[in-house]
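Written out below as C-alpha coordinates is the structure these notes cover.
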Amino acid sequence: MQWFKVPTLVALCLGLSASLPSAALTQPYRHFDWQEVAPGVWFGLARSDDFQAGNVAIITLPSGGSMVVDTQDADFLGREILDKAKEVGHGAVRYVVDTDLHQDIAGGNAAFVRDNPKVQVIAHRNTCAEYPQKTIPRMHDRLPGLKQRLSELQATRAQMTESDQGAAALDHRIEGLKLYVQDAKNFQWAMPNVCLDLKPGQKKVITDGDRRVEIHYFGRAHTTGDLVVFLPKEKVAMVGDLWGQGSSYEFLNAGLDGRDGSVLETPLTLEAVRQLDFDTALTGHSPIVHGKGSLDDAISNGKQVVAQIKGAYDRGETVTELLQKMPLAKNTPAATDTPTPTQTFFADVWRTVVINGYEEIQFRDQLGMALPSAKIAHN
Ligand SMILES: [Zn+2]
(Lines give C-alpha, C1' and ligand atoms only; values in the text may rest on other atoms or scores of the structure.)
Protein backbone atom coordinates (compact mmCIF):
# COMPACT_ATOMS: atom_id res chain seq x y z
CA MET A 1 0.00 0.00 0.00
CA GLN A 2 1.21 3.45 -0.83
CA TRP A 3 1.12 6.26 1.68
CA PHE A 4 0.41 9.71 0.43
CA LYS A 5 1.96 12.22 2.79
CA VAL A 6 1.31 15.90 3.16
CA PRO A 7 3.09 18.24 5.56
CA THR A 8 1.31 19.01 8.80
CA LEU A 9 -0.53 22.25 8.49
CA VAL A 10 -2.00 24.05 11.41
CA ALA A 11 -4.61 26.24 9.83
CA LEU A 12 -6.08 29.24 11.50
CA CYS A 13 -9.58 28.80 10.24
CA LEU A 14 -11.78 31.28 11.90
CA GLY A 15 -9.66 33.86 13.59
CA LEU A 16 -6.73 36.16 13.65
CA SER A 17 -4.61 35.58 16.71
CA ALA A 18 -3.25 32.36 18.14
CA SER A 19 -4.08 32.78 21.80
CA LEU A 20 -6.26 30.12 23.39
CA PRO A 21 -9.30 30.49 25.59
CA SER A 22 -8.34 30.46 29.23
CA ALA A 23 -8.08 27.04 30.85
CA ALA A 24 -10.25 28.33 33.66
CA LEU A 25 -13.16 28.62 31.26
CA THR A 26 -12.86 25.08 29.95
CA GLN A 27 -12.18 23.32 33.28
CA PRO A 28 -15.72 22.81 34.55
CA TYR A 29 -17.20 21.85 31.19
CA ARG A 30 -17.27 18.15 30.36
CA HIS A 31 -18.58 17.09 26.97
CA PHE A 32 -18.15 13.31 27.14
CA ASP A 33 -19.19 10.40 29.30
CA TRP A 34 -16.46 7.75 29.11
CA GLN A 35 -16.89 4.01 29.16
CA GLU A 36 -14.30 1.23 28.80
CA VAL A 37 -15.78 -1.13 26.19
CA ALA A 38 -12.86 -3.59 26.10
CA PRO A 39 -9.59 -3.60 28.08
CA GLY A 40 -7.90 -0.30 27.27
CA VAL A 41 -10.53 0.73 24.71
CA TRP A 42 -12.59 3.77 25.72
CA PHE A 43 -15.72 5.19 24.16
CA GLY A 44 -16.46 8.89 24.67
CA LEU A 45 -20.18 9.40 24.27
CA ALA A 46 -21.22 13.02 23.82
CA ARG A 47 -23.77 13.80 26.52
CA SER A 48 -27.35 14.13 25.31
CA ASP A 49 -27.52 17.75 26.52
CA ASP A 50 -24.41 18.76 24.60
CA PHE A 51 -24.53 21.50 21.98
CA GLN A 52 -22.85 19.27 19.42
CA ALA A 53 -23.28 15.53 18.99
CA GLY A 54 -20.32 13.33 18.00
CA ASN A 55 -18.63 10.45 19.77
CA VAL A 56 -14.94 9.52 19.93
CA ALA A 57 -12.78 6.56 21.02
CA ILE A 58 -9.38 5.98 22.60
CA ILE A 59 -7.34 2.82 22.04
CA THR A 60 -4.47 2.45 24.49
CA LEU A 61 -1.21 0.92 23.24
CA PRO A 62 0.75 -1.62 25.29
CA SER A 63 4.10 0.15 24.82
CA GLY A 64 2.58 3.43 26.09
CA GLY A 65 0.40 6.14 24.69
CA SER A 66 -2.69 5.72 22.58
CA MET A 67 -4.61 6.16 19.36
CA VAL A 68 -7.58 8.52 19.28
CA VAL A 69 -10.37 7.91 16.78
CA ASP A 70 -12.07 11.20 15.88
CA THR A 71 -11.47 14.47 17.70
CA GLN A 72 -14.92 16.14 17.73
CA ASP A 73 -15.77 19.67 16.80
CA ALA A 74 -13.23 22.13 18.17
CA ASP A 75 -9.94 22.60 19.89
CA PHE A 76 -11.34 22.74 23.42
CA LEU A 77 -13.06 19.39 22.85
CA GLY A 78 -9.83 17.98 21.45
CA ARG A 79 -8.14 19.00 24.69
CA GLU A 80 -10.78 17.19 26.75
CA ILE A 81 -10.17 14.00 24.73
CA LEU A 82 -6.41 14.49 25.05
CA ASP A 83 -6.67 14.70 28.85
CA LYS A 84 -8.59 11.43 28.96
CA ALA A 85 -6.21 9.74 26.52
CA LYS A 86 -3.21 10.69 28.66
CA GLU A 87 -4.95 9.46 31.78
CA VAL A 88 -5.81 6.02 30.39
CA GLY A 89 -2.97 5.65 27.87
CA HIS A 90 -0.05 6.58 30.15
CA GLY A 91 1.74 8.62 27.53
CA ALA A 92 1.39 10.69 24.42
CA VAL A 93 -1.30 10.24 21.81
CA ARG A 94 0.72 8.71 18.96
CA TYR A 95 -2.03 8.33 16.37
CA VAL A 96 -5.20 10.22 15.54
CA VAL A 97 -7.61 8.80 12.96
CA ASP A 98 -10.21 11.02 11.25
CA THR A 99 -12.95 8.68 10.02
CA ASP A 100 -14.42 11.30 7.65
CA LEU A 101 -14.13 14.91 6.57
CA HIS A 102 -16.76 16.47 8.79
CA GLN A 103 -15.95 18.99 11.46
CA ASP A 104 -17.54 16.92 14.24
CA ILE A 105 -14.98 14.22 13.38
CA ALA A 106 -11.80 16.26 12.88
CA GLY A 107 -12.36 19.65 14.53
CA GLY A 108 -10.13 18.86 17.52
CA ASN A 109 -7.07 17.66 15.59
CA ALA A 110 -4.84 20.62 16.46
CA ALA A 111 -4.81 19.84 20.19
CA PHE A 112 -3.02 16.56 19.49
CA VAL A 113 -0.42 18.05 17.12
CA ARG A 114 0.36 20.79 19.62
CA ASP A 115 0.81 18.25 22.41
CA ASN A 116 2.91 15.80 20.38
CA PRO A 117 4.41 17.15 17.14
CA LYS A 118 5.26 13.56 16.16
CA VAL A 119 1.64 12.41 16.26
CA GLN A 120 0.41 10.74 13.07
CA VAL A 121 -2.92 12.30 12.07
CA ILE A 122 -4.35 9.74 9.68
CA ALA A 123 -7.18 10.07 7.15
CA HIS A 124 -8.09 8.62 3.78
CA ARG A 125 -6.53 10.54 0.91
CA ASN A 126 -10.00 11.52 -0.37
CA THR A 127 -10.69 13.12 3.01
CA CYS A 128 -7.35 14.94 2.91
CA ALA A 129 -8.18 16.29 -0.55
CA GLU A 130 -11.61 17.51 0.51
CA TYR A 131 -10.72 19.22 3.79
CA PRO A 132 -9.64 22.49 2.11
CA GLN A 133 -12.59 22.45 -0.32
CA LYS A 134 -15.38 21.52 2.06
CA THR A 135 -14.48 21.31 5.74
CA ILE A 136 -12.68 24.61 6.18
CA PRO A 137 -15.25 26.77 4.31
CA ARG A 138 -18.06 25.11 6.26
CA MET A 139 -16.32 25.96 9.54
CA HIS A 140 -16.61 29.60 8.53
CA ASP A 141 -20.12 29.30 7.15
CA ARG A 142 -21.69 27.74 10.21
CA LEU A 143 -20.33 30.24 12.73
CA PRO A 144 -22.91 33.04 12.27
CA GLY A 145 -25.74 30.50 12.67
CA LEU A 146 -24.19 29.13 15.84
CA LYS A 147 -23.79 32.62 17.29
CA GLN A 148 -27.44 33.30 16.54
CA ARG A 149 -28.40 29.97 18.09
CA LEU A 150 -26.47 30.89 21.23
CA SER A 151 -28.41 34.16 21.54
CA GLU A 152 -31.71 32.33 21.07
CA LEU A 153 -30.86 29.73 23.71
CA GLN A 154 -29.78 32.44 26.14
CA ALA A 155 -33.05 34.28 25.55
CA THR A 156 -35.02 31.07 26.19
CA ARG A 157 -33.02 30.43 29.35
CA ALA A 158 -33.69 33.95 30.59
CA GLN A 159 -37.41 33.09 30.70
CA MET A 160 -36.79 30.04 32.89
CA THR A 161 -36.09 29.57 36.57
CA GLU A 162 -33.46 27.28 38.09
CA SER A 163 -36.08 24.67 38.96
CA ASP A 164 -37.69 24.52 35.52
CA GLN A 165 -37.45 21.19 33.77
CA GLY A 166 -34.66 21.32 31.25
CA ALA A 167 -32.94 24.34 32.79
CA ALA A 168 -29.79 22.42 33.77
CA ALA A 169 -29.56 20.75 30.36
CA LEU A 170 -29.98 24.10 28.65
CA ASP A 171 -27.28 25.62 30.87
CA HIS A 172 -24.90 22.87 29.78
CA ARG A 173 -25.75 23.37 26.12
CA ILE A 174 -25.27 27.13 26.39
CA GLU A 175 -21.95 26.66 28.18
CA GLY A 176 -20.64 24.37 25.43
CA LEU A 177 -21.81 26.66 22.67
CA LYS A 178 -20.24 29.68 24.39
CA LEU A 179 -16.94 27.82 24.57
CA TYR A 180 -17.24 26.92 20.90
CA VAL A 181 -17.87 30.52 19.85
CA GLN A 182 -15.02 31.68 22.08
CA ASP A 183 -12.73 29.00 20.62
CA ALA A 184 -13.73 29.94 17.09
CA LYS A 185 -12.30 33.43 17.49
CA ASN A 186 -8.87 31.80 17.40
CA PHE A 187 -9.87 28.56 15.81
CA GLN A 188 -6.92 26.24 15.29
CA TRP A 189 -7.14 23.18 13.13
CA ALA A 190 -4.60 20.64 11.91
CA MET A 191 -4.61 18.80 8.59
CA PRO A 192 -3.80 15.09 8.63
CA ASN A 193 -0.11 14.39 7.99
CA VAL A 194 -0.70 10.80 6.82
CA CYS A 195 -3.17 10.43 3.96
CA LEU A 196 -3.87 6.75 3.27
CA ASP A 197 -3.99 5.76 -0.36
CA LEU A 198 -6.34 2.82 0.24
CA LYS A 199 -8.60 1.33 -2.39
CA PRO A 200 -11.94 -0.24 -1.39
CA GLY A 201 -11.22 -3.44 0.53
CA GLN A 202 -7.68 -2.41 1.55
CA LYS A 203 -6.43 -1.73 5.05
CA LYS A 204 -3.48 -0.41 6.99
CA VAL A 205 -2.39 -2.39 10.06
CA ILE A 206 -0.69 -0.99 13.15
CA THR A 207 0.58 -3.43 15.76
CA ASP A 208 1.87 -2.55 19.20
CA GLY A 209 2.62 -5.48 21.50
CA ASP A 210 -0.48 -7.60 21.49
CA ARG A 211 -2.68 -4.78 20.19
CA ARG A 212 -3.58 -5.08 16.52
CA VAL A 213 -5.35 -2.12 14.97
CA GLU A 214 -6.71 -2.34 11.43
CA ILE A 215 -7.73 0.79 9.54
CA HIS A 216 -10.08 -0.23 6.72
CA TYR A 217 -11.46 1.56 3.70
CA PHE A 218 -14.54 0.10 2.01
CA GLY A 219 -15.38 2.70 -0.61
CA ARG A 220 -17.78 5.59 -0.96
CA ALA A 221 -20.72 5.87 1.43
CA HIS A 222 -21.37 8.65 3.96
CA THR A 223 -18.38 10.46 2.39
CA THR A 224 -15.75 9.44 -0.16
CA GLY A 225 -13.17 8.68 2.55
CA ASP A 226 -14.90 6.87 5.44
CA LEU A 227 -12.47 4.81 7.51
CA VAL A 228 -13.29 1.99 9.92
CA VAL A 229 -10.90 1.30 12.79
CA PHE A 230 -11.23 -2.37 13.69
CA LEU A 231 -9.78 -4.32 16.62
CA PRO A 232 -10.05 -7.97 15.54
CA LYS A 233 -9.14 -9.46 18.91
CA GLU A 234 -11.58 -7.32 20.86
CA LYS A 235 -14.16 -7.51 18.02
CA VAL A 236 -14.77 -3.78 18.28
CA ALA A 237 -15.27 -1.59 15.18
CA MET A 238 -15.14 2.21 15.25
CA VAL A 239 -17.28 3.17 12.28
CA GLY A 240 -17.71 6.94 12.45
CA ASP A 241 -20.87 8.03 10.68
CA LEU A 242 -21.24 5.00 8.39
CA TRP A 243 -24.46 4.13 10.12
CA GLY A 244 -26.30 4.70 13.38
CA GLN A 245 -29.02 3.40 15.64
CA GLY A 246 -31.94 5.15 17.27
CA SER A 247 -31.67 8.59 15.74
CA SER A 248 -35.00 10.16 14.83
CA TYR A 249 -34.19 9.93 11.14
CA GLU A 250 -33.97 6.62 9.32
CA PHE A 251 -31.86 8.04 6.55
CA LEU A 252 -29.24 9.07 9.14
CA ASN A 253 -29.34 5.60 10.71
CA ALA A 254 -28.74 4.30 7.18
CA GLY A 255 -25.64 6.50 6.81
CA LEU A 256 -27.10 8.42 3.87
CA ASP A 257 -25.61 11.86 3.45
CA GLY A 258 -26.02 13.10 -0.10
CA ARG A 259 -23.62 16.00 0.40
CA ASP A 260 -20.30 14.20 0.43
CA GLY A 261 -20.55 10.52 -0.44
CA SER A 262 -22.64 8.32 -2.71
CA VAL A 263 -26.27 7.55 -2.04
CA LEU A 264 -26.24 4.64 -4.49
CA GLU A 265 -23.12 3.06 -3.08
CA THR A 266 -23.80 3.48 0.66
CA PRO A 267 -25.77 0.24 1.20
CA LEU A 268 -23.24 -1.71 -0.88
CA THR A 269 -20.31 -0.28 1.04
CA LEU A 270 -22.08 -1.17 4.27
CA GLU A 271 -22.46 -4.76 3.06
CA ALA A 272 -18.69 -4.87 2.74
CA VAL A 273 -18.27 -3.40 6.24
CA ARG A 274 -20.58 -6.14 7.51
CA GLN A 275 -17.94 -8.75 6.67
CA LEU A 276 -15.85 -7.53 9.59
CA ASP A 277 -16.17 -9.85 12.55
CA PHE A 278 -17.29 -7.34 15.19
CA ASP A 279 -19.61 -7.64 18.19
CA THR A 280 -19.49 -3.99 19.20
CA ALA A 281 -19.72 -0.94 16.93
CA LEU A 282 -18.82 2.53 18.16
CA THR A 283 -20.60 5.07 15.97
CA GLY A 284 -20.37 8.83 15.73
CA HIS A 285 -23.89 9.57 16.87
CA SER A 286 -25.39 6.62 18.79
CA PRO A 287 -24.76 4.97 22.12
CA ILE A 288 -22.80 1.70 22.00
CA VAL A 289 -24.16 -0.58 19.27
CA HIS A 290 -24.21 -4.34 19.94
CA GLY A 291 -24.35 -6.85 17.11
CA LYS A 292 -25.17 -6.25 13.49
CA GLY A 293 -28.95 -5.69 13.62
CA SER A 294 -28.74 -1.92 13.15
CA LEU A 295 -26.28 -2.40 10.29
CA ASP A 296 -28.69 -4.80 8.60
CA ASP A 297 -31.46 -2.21 9.02
CA ALA A 298 -29.19 0.47 7.57
CA ILE A 299 -28.44 -1.66 4.52
CA SER A 300 -32.07 -2.51 3.84
CA ASN A 301 -33.29 1.07 4.47
CA GLY A 302 -30.61 2.42 2.16
CA LYS A 303 -31.57 -0.05 -0.56
CA GLN A 304 -35.21 0.91 -0.14
CA VAL A 305 -34.44 4.61 -0.60
CA VAL A 306 -32.35 3.88 -3.71
CA ALA A 307 -35.13 1.66 -5.13
CA GLN A 308 -37.73 4.41 -4.59
CA ILE A 309 -35.57 6.97 -6.37
CA LYS A 310 -34.78 4.53 -9.19
CA GLY A 311 -38.49 3.71 -9.62
CA ALA A 312 -39.37 7.38 -9.96
CA TYR A 313 -36.55 7.97 -12.42
CA ASP A 314 -37.63 5.00 -14.52
CA ARG A 315 -41.22 6.33 -14.60
CA GLY A 316 -39.90 9.63 -15.94
CA GLU A 317 -40.73 11.67 -12.85
CA THR A 318 -38.73 14.82 -12.29
CA VAL A 319 -36.68 15.27 -9.15
CA THR A 320 -39.17 17.97 -8.04
CA GLU A 321 -42.05 15.49 -8.30
CA LEU A 322 -39.95 12.90 -6.54
CA LEU A 323 -39.22 15.23 -3.62
CA GLN A 324 -42.95 15.77 -3.14
CA LYS A 325 -43.47 12.00 -3.03
CA MET A 326 -40.58 11.36 -0.68
CA PRO A 327 -41.01 13.50 2.40
CA LEU A 328 -38.62 13.03 5.30
CA ALA A 329 -38.27 9.41 6.42
CA LYS A 330 -40.95 7.76 8.50
CA ASN A 331 -39.82 8.31 12.07
CA THR A 332 -39.42 12.05 11.66
CA PRO A 333 -40.66 13.99 14.68
CA ALA A 334 -43.94 15.77 14.06
CA ALA A 335 -43.48 18.88 11.98
CA THR A 336 -44.19 22.17 13.67
CA ASP A 337 -45.15 25.53 12.20
CA THR A 338 -41.71 26.86 12.97
CA PRO A 339 -39.16 24.10 12.52
CA THR A 340 -36.11 24.20 14.77
CA PRO A 341 -32.70 24.81 13.16
CA THR A 342 -31.97 21.10 13.68
CA GLN A 343 -35.15 20.06 11.84
CA THR A 344 -34.34 22.48 9.03
CA PHE A 345 -30.81 21.10 8.76
CA PHE A 346 -31.99 17.48 8.56
CA ALA A 347 -34.70 18.38 6.05
CA ASP A 348 -31.99 19.93 3.88
CA VAL A 349 -29.75 16.87 4.20
CA TRP A 350 -32.66 14.62 3.27
CA ARG A 351 -33.45 16.70 0.17
CA THR A 352 -29.79 16.43 -0.79
CA VAL A 353 -29.95 12.64 -0.39
CA VAL A 354 -32.92 12.43 -2.76
CA ILE A 355 -31.51 14.88 -5.30
CA ASN A 356 -28.04 13.37 -5.36
CA GLY A 357 -29.41 9.83 -5.54
CA TYR A 358 -31.52 10.89 -8.52
CA GLU A 359 -28.58 12.64 -10.18
CA GLU A 360 -26.28 9.66 -9.64
CA ILE A 361 -28.82 7.44 -11.42
CA GLN A 362 -29.30 10.00 -14.20
CA PHE A 363 -25.55 10.38 -14.66
CA ARG A 364 -25.02 6.64 -14.98
CA ASP A 365 -27.99 6.31 -17.32
CA GLN A 366 -26.68 9.03 -19.61
CA LEU A 367 -23.25 7.42 -19.73
CA GLY A 368 -24.68 3.94 -20.30
CA MET A 369 -23.28 2.69 -16.98
CA ALA A 370 -25.00 0.03 -14.89
CA LEU A 371 -25.93 0.89 -11.32
CA PRO A 372 -23.24 -0.07 -8.80
CA SER A 373 -23.48 -3.67 -7.69
CA ALA A 374 -22.34 -5.50 -4.57
CA LYS A 375 -18.74 -4.95 -3.62
CA ILE A 376 -16.46 -7.70 -2.43
CA ALA A 377 -14.18 -6.83 0.42
CA HIS A 378 -10.70 -8.33 0.47
CA ASN A 379 -9.73 -8.29 4.06
ZN1 LIG B 1 -19.76 12.66 9.02
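Among the residues of segment 226-254, those that are within 16 Å of residue 291 (Cα to Cα), of a type in the set (Gly, Ala, Ser) and away from the ligand (no atom under 15 Å from the Cβ) comprise 237, 246. Within segment 217-240, residues that are without any contact (Cβ under 8 Å) to a residue 24 or more places away in the chain and assigned to a loop (DSSP other than H, G, I, E, B) reach partners that are of a type outside the set (Phe, Trp, Tyr) and more than 16 Å from the ligand (Cβ to nearest atom) with beta carbons closer than 9 Å, at six or more positions or on different chains, in the pairs 233/38; 233/210; 233/211; 233/212. Put simply, of 136, 122 the only residue that is touching a Phe, Trp or Tyr at 6+ places or on another chain (Cβ under 9 Å) and more than 19 Å from residue 282 (Cα to Cα) is 136. Evaluated against (1) among the charged types (D, E, K, R); (2) in contact with a Ser or Thr (Cβ under 7 Å, 6 or more places away or on another chain); (3) at pLDDT below 90, residue 337 falls short on exactly one condition, (2).
If you go through segment 188-216 and keep only what is crowded, with 22+ Cβ neighbours inside 10 Å, part of a loop (DSSP other than H, G, I, E, B) and either more than 16 Å from the ligand (Cβ to nearest atom) or free of Cβ contacts under 8 Å to residues at least 60 places away in the same chain (or both), you end up with 191, 198. Would you confirm whether or not segment 263-275 contains a residue that is surrounded by 24 or more Cβ atoms within 10 Å (Cβ to Cβ), within 16 Å of the ligand (Cβ to nearest atom), over 21 Å from residue 56 (Cβ atoms) and modelled with pLDDT under 95? No, segment 263-275 contains no residue that is surrounded by 24 or more Cβ atoms within 10 Å (Cβ to Cβ), within 16 Å of the ligand (Cβ to nearest atom), over 21 Å from residue 56 (Cβ atoms) and modelled with pLDDT under 95. A count restricted to segment 182-223 and to residues that are more than 20 Å from the chain's Cα centre (by Cα) and hydrophobic (A, V, I, L, M, F, W, C) stands at 2.
With free of Cβ contacts under 8 Å to residues at least 60 places away in the same chain and over 23 Å from residue 85 (Cβ atoms) as the only criterion, which of 152, 130 stands out?
152
Listed here are the residues, each with its yes/no results for (1) among the small types (Gly, Ala, Ser); (2) in contact with a Gly (Cβ under 9 Å, 6 or more places away or on another chain); (3) within 19 Å of residue 59 (Cα to Cα).
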| site | (1), (2), (3) |
| --- | --- |
| 153 | no, no, no |
| 176 | yes, no, no |
| 205 | no, no, yes |
| 209 | yes, no, yes |
| 212 | no, no, yes |
| 215 | no, no, yes |
| 239 | no, yes, yes |
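Regarding residue 24, is this residue modelled with pLDDT under 95, small (Gly, Ala, Ser), in a helix (DSSP H, G or I) and surrounded by fewer than 24 Cβ atoms within 10 Å (Cβ to Cβ)? When the stated conditions are applied, residue 24 passes them. When segment 345-369 is limited to residues that are among the hydrophobic types (A, V, I, L, M, F, W, C) and at pLDDT 90 or above, the one that is surrounded by the fewest Cβ atoms within 10 Å (Cβ to Cβ) turns out to be 367.
The values are calculated or read from the model by the stated rules, or taken from the named source; none is laboratory data. Quick caveat, the model's predicted, so the values are computed rather than measured. As a convention, Cβ positions derive from the backbone with ideal geometry for all residues, glycine included, and neighbour counts pool all protein chains shown.
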